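No value in this document is a laboratory result; all are computed from the given coordinates. Quantities reported herein were computed from a predicted structural model and do not represent experimental measurements. Here Cβ is always computed from backbone atoms with ideal geometry, including for glycine, and neighbour counts include all displayed protein chains.
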Amino acid sequence: MPQPLNLNRIHRWGLQSPPASHRLLPCLIQPSMADPSEAKGEGSLRKAFGGVLGVFILLLIGTLAFSIRLFSVIKYESVIHEFDPYFNYRVTQFLTKNGIYDFWNWFDDRTWYYLENMSTYCKNSDLDIVFELMLLVILDRYPLGRVIGGTVYPGLTLTAGSIWWLLNNLNIPLSVETVCVFTAPIFSANAAWATYLLTKAPSHQFEVKGTGAGLTAAALLAMVPSYISRSVAGSYDNEAVAIFALIFTFYLYIKTLNTGSLFYATLNALSYFYMVCSWGGYTFIINLIPMHVLLCIVTGRYSSRLYIAYAPLVVLGTLLASLVPVVGFNAVMTSEHFASFLVKCQEVFIILHVVAFVYYIKGILSPKMFKVAMTLVVTIGIAVCSAVLAILIALVASSPTKGWSGRSLSLLDPTYASKYIPIIASVSEHQPPTWPSYFMDINVLAFLVPAGIVACFLPLSDASSFVILYIATSVYFSGVMVRLMLVLAPAACIMSGIALSEAFDAFTRSIKFQLPKLFEASPSDAGDTNRGTQDEPTKVDNNTPTEKTEATVKERPSEKHRKKEKKKLEKGKEIKEKGKENADKVSNKPLNAKKLLVLPLEASAVAILLLIILGAFYVVHCVWAAAEAYSAPSIVLTSHSHDGLHVFDDFREAYAWLKHNTDVDDKVASWWDYGYQTTAMANRTVIVDNNTWNNTHIATVGTAMSSPEKPAWDIFNSLDVKYVLVVFGGLVGYSSDDINKFLWMVRIGGGVFPHIREPDYLRDGQYRIDAHATPTMLNCLMYKLSYYRFVETDGKGFDRVRGTEIGKKHFRLTHFEEVFTTHHWMVRIYKLKSPKNRIRGKSKKKTNPKTTSKINSNKNVKKNPWQ
Amino acid sequence: MAKSSSSDAQALIRSLRSAYAATPTKLKIIDLYVVYAITTAVIQIVYMGIVGSFPFNSFLSGILSCVGTAVLAVCLRIQVNKENKEFKDLSPERAFADFVLCNLVLHLVIMNFLG
């Protein structure tokens, strides 16, 4: 009969093997008073039944995760959403059509078109210009383009491509678009299962308790709105696959840590490779795991399993990460990794080896000799370490940003981006979240998480310390950028799953112990059961998680507490014997053998009811969020009015017009938001797109939009643009149009071209487009292209988004002509007018015919040397 | 002080030697393999110092292959060592099979990365 554990042994698990008692435990049922063999038989049947039920529940959770993401397919159609997914879709199309080798070598010249600015050469004669252009073509700098193989995270496209290929080979002819649309829901079901596996591992090493927590966590993750928002059907983006890879990698790491098997270490490295292929967020893993290893070493939990879990991962992981072209040598060189490689990852690698060596030496030497060894080593070691550290610091300090890239710097210092890099600051996903967004995105989990953290401390194992570290870091990062709430979601689900499972466990146990008391009326039995409940020793259970039940529960136990104490003291030895027996049986049950308090029956019943209601609120919120908030494909808009449902399909209308009415080689200029969609649907070359890697290029377009017509025409002409596309929401009240984004264009343009100044466009610090707007604003290209002929719609030019009448109502365009406006005026396309051959009126002023012809020829050369 | 520390050092080295001599031959072979791998890595680093690191991927894959096999050999040693209580029920054959599998993956990646 194993002795009841005391707390000391629990904390020293790191250095010894885990106590054998947990392996002896066959089943976790309440110790009934029947004889052991019968209990065992009953137990194994129950266990089998529990296993089958568990599998069935997991299947249901997977189906739930899949179906809750299908709202947009039902409400709209099976279409790809937003902007980024269009790029991924185009890449996948290319992959399925041309195969993987061409995919790796693909140079996409439909994006980032850029013709070297002619005006820089017009000071020379014609011949020089010809030579310069020839040189450009030879050097292959004619289009900027984009090397797809080297700048794209291939995980998502390869996954969807292989699913498509597999299905086609099984003779299920799904189109590429269908596969792309439904990839995200499938992988969210996988992610829910991975969460089940991950939560099962750290919770208390028991099968049943672990399973319960796992199922709860999986169910929570299947529905959490933050994850739904990025993985809804149609949102074909990296995160859809990456979150699954993240959770699975963490699961394999924990599994390796628990079992110490090299097989799982290999799997862990491979899963990490899949994560690196999928998303830039892999740096989170490679920074979190070394942090955890360091934590384990520092808190004295070093074990050889830790070495097996970490060391192969570092070596294999670095190699595999370098294999992915996007990452390449960044895995070893730059400082996000630098911090990872040399300060975090590699340094922790070295520290781990040192610690391992120390333990090894300790094992084979006698204590006295060990002390001698330590003193010797420490003196030498300190000298060497300080030298190395000095060199490192000098190296890092010599680089300008100390080796960190812009995005990581903005993570550490949240105000960095808004000060220095307006493009990063302008993306709405990069803003810090507000408090309501926490409740919108993780809802009920927000206050279950602290309870889960407490539960993880009892007892603290390697795995649960990992989960605690995970949630702490993800909460910090989610506070910096809204987009990273996505990384917080799995951690929150795990913690809440553990908390809820513990709570249910405590309450149902209380009910189970007290139910017999209700049904037995005889006094002797009452005495028996009374003793039974009293012999439960009286330490308070810390797991009273939910705020709602905490208040009611706290007062009652304290009273009953005191009563039980008194009765116990009265009875004496007799009770002590029986108490020991019961205590043994009780301590068999949960390994954290914490003398658990039995809560009063009514309180437990009410608490369980309240927890169920809490869960119901969560489900209702999640379904609402999925249906209303996160299912908009944003390429098709709908609105409900008194005469039914209006569908605004203007974007696709515009792209289809472009596709059918322009030449294949025509270039289209628009703001970078619409780049991916234009290339994917209209199949035309764009100047800037959502990849936003060239700030100067974007600033050029921004400057053009902010300038008056003539300079804007000049800029666009030098970029060889034929059509300009503008999004305007004033007629229908669509508020994400270009006029609302215009100030960002000014800021970004002004960041590179100083003659664009933001205050020029603001009247008294306010951004206006009505009669009080500044003349710069009223004359800029964006204003003119948005509001050209707008008065013809209602006679007054009332802008529904800004809520005012426009300032300049009647004007003509001199350098652009309108070629297409969609049905609801949401997208407007303009064509650049070709320059006039003869300038009327002006030539009369010039008296000298020679200078006139020279000026004319000069002008021609400036504008159109090839015509 | 110096005398006592040097005699301490001598005593330390002696006790280390005697303790190490007691380890079984299997483990000593693995230790030898680790030392060999590390030496190869050191030779490569010296070579890079002389010649420069131009095909950086080759250099990286060479170094990491040496370090990788050393690490995996150490893991094997940990798992096979009879004094390790945690791995009591892990058969040495299983440990060796895991070691081979991990090495296979490692070398596959290295071959790919060598360029």
Kindly state, to the nearest 0.05, the FRET efficiency for A:Leu389 paired with A:Leu295, given R0 = 22 Å and r defined as their beta-carbon distance.
0.55
Pairs from A:Lys200/A:Lys512; A:Lys97/A:Lys833; A:Lys659/A:Lys808 whose Cα-Cα separation, in the structure shown, is over 27 Å
A:Lys97/A:Lys833; A:Lys659/A:Lys808
Separation in nanometres of the label points that stand 7 Å from Cα toward Cβ, at A:Glu817 and A:Leu167
4.6
Tail fraction, Cα-Cα pairs, the range A:242-404, threshold 30 Å, whole percent
24
Return the average number of partner chain Cβ atoms within 10 angstrom of each residue Cβ along peptide A:295-308.
2
At 7 Å along Cα-to-Cβ for each site, give me the label-to-label distance between A:His772 and B:Leu101 in nm.
7.3
If a paramagnetic tag sat 7 Å from the Cα of A:Ile100 along the Cα-Cβ line, which residues of the range A:312-329 would have the backbone N under 20 Å from that point?
A:317, A:319-328
So, by mean Cβ neighbours within 10 angstrom, what's the order for A:457-468, A:492-503 with the highest one leading?
A:492-503, A:457-468
Highest mean first, how do A:624-633, A:822-831 rank when packing is the count of other Cβ atoms within 10 Å averaged over residues?
A:822-831, A:624-633
Reference-scaled alpha-carbon Rg (2.2 N^0.38 Å with N residues) for the range A:237-338:
1.03
So if we plug the beta-carbon distance of A:Phe439 and B:Ala19 into 1/(1 + (r/R0)^6) with R0 = 56 Å, what FRET efficiency do we get, rounded to 0.05?
0.40
Looking only at Cα atoms, what is the convex hull volume of chain B per residue, in Å³?
138
Run the numbers for A:Ile382 and A:Ala629: contour at 0.36 nm per residue of separation, minus the present Cα-Cα distance, in nm.
83.2 nm
Can you list residues from other chains, or at least 5 along the same chain, whose modelled amide H is less than 5 Å from the amide H of A:Phe816?
A:Lys833
Per principal axis, largest first, the Cα atoms of the range A:644-832 extend in Å by 48, 43, 29
Can you tell me the order of A:242-255, A:727-740, A:800-813, A:505-518 when each peptide is scored by its average per-residue count of other Cβ atoms within 10 angstrom, highest first?
A:242-255, A:727-740, A:505-518, A:800-813
Please build a GNM for chain B, connecting alpha carbons under 10 Å apart, and tell me which residue among B:Ala41, B:Ala19, B:Ala73 fluctuates the most.
B:Ala19
Modelled FRET efficiency - R0 30 Å, A:Leu174 with A:Lys833, Cβ distances, 0.05 increments
0.05
Assign unit charges at the C-beta atoms only (+1 for Lys and Arg, -1 for Asp and Glu), then state the dipole size of the range A:242-404 relative to its Cα centre in Debye, rounded to the nearest 20.
480
Cβ neighbours within 10 Å from other chains - mean over B:104-114
3
Sorting B:Ser7, B:His107, B:Ser58 by the position of each Cα along the dipole of chain B (Lys, Arg +1; Asp, Glu -1; all at Cβ), the one nearest the positive end of that ordering is B:Ser7
3J(HN,Hα) from dihedral phi, the range A:373-383, Karplus parametrisation 6.51/-1.76/1.60, rounded to Hz, x for glycine, proline
4, 4, 5, 4, 5, 4, 5, 5, x, 4, 4
Summing Lys, Arg as +1 and Asp, Glu as -1, what charge do residues with Cβ under 12 Å from the Cβ of A:His823 carry, A:His823 excluded?
-1
Out-of-range pairs (alpha-carbon distance over 29 Å; input A:Lys667/A:Lys741; A:Lys371/B:Lys28; A:Lys75/A:Lys809)
A:Lys75/A:Lys809
Taking each residue of B:73-80 in turn, how many C-beta atoms of other protein chains fall within 10 Å of its C-beta, and what is the average?
5
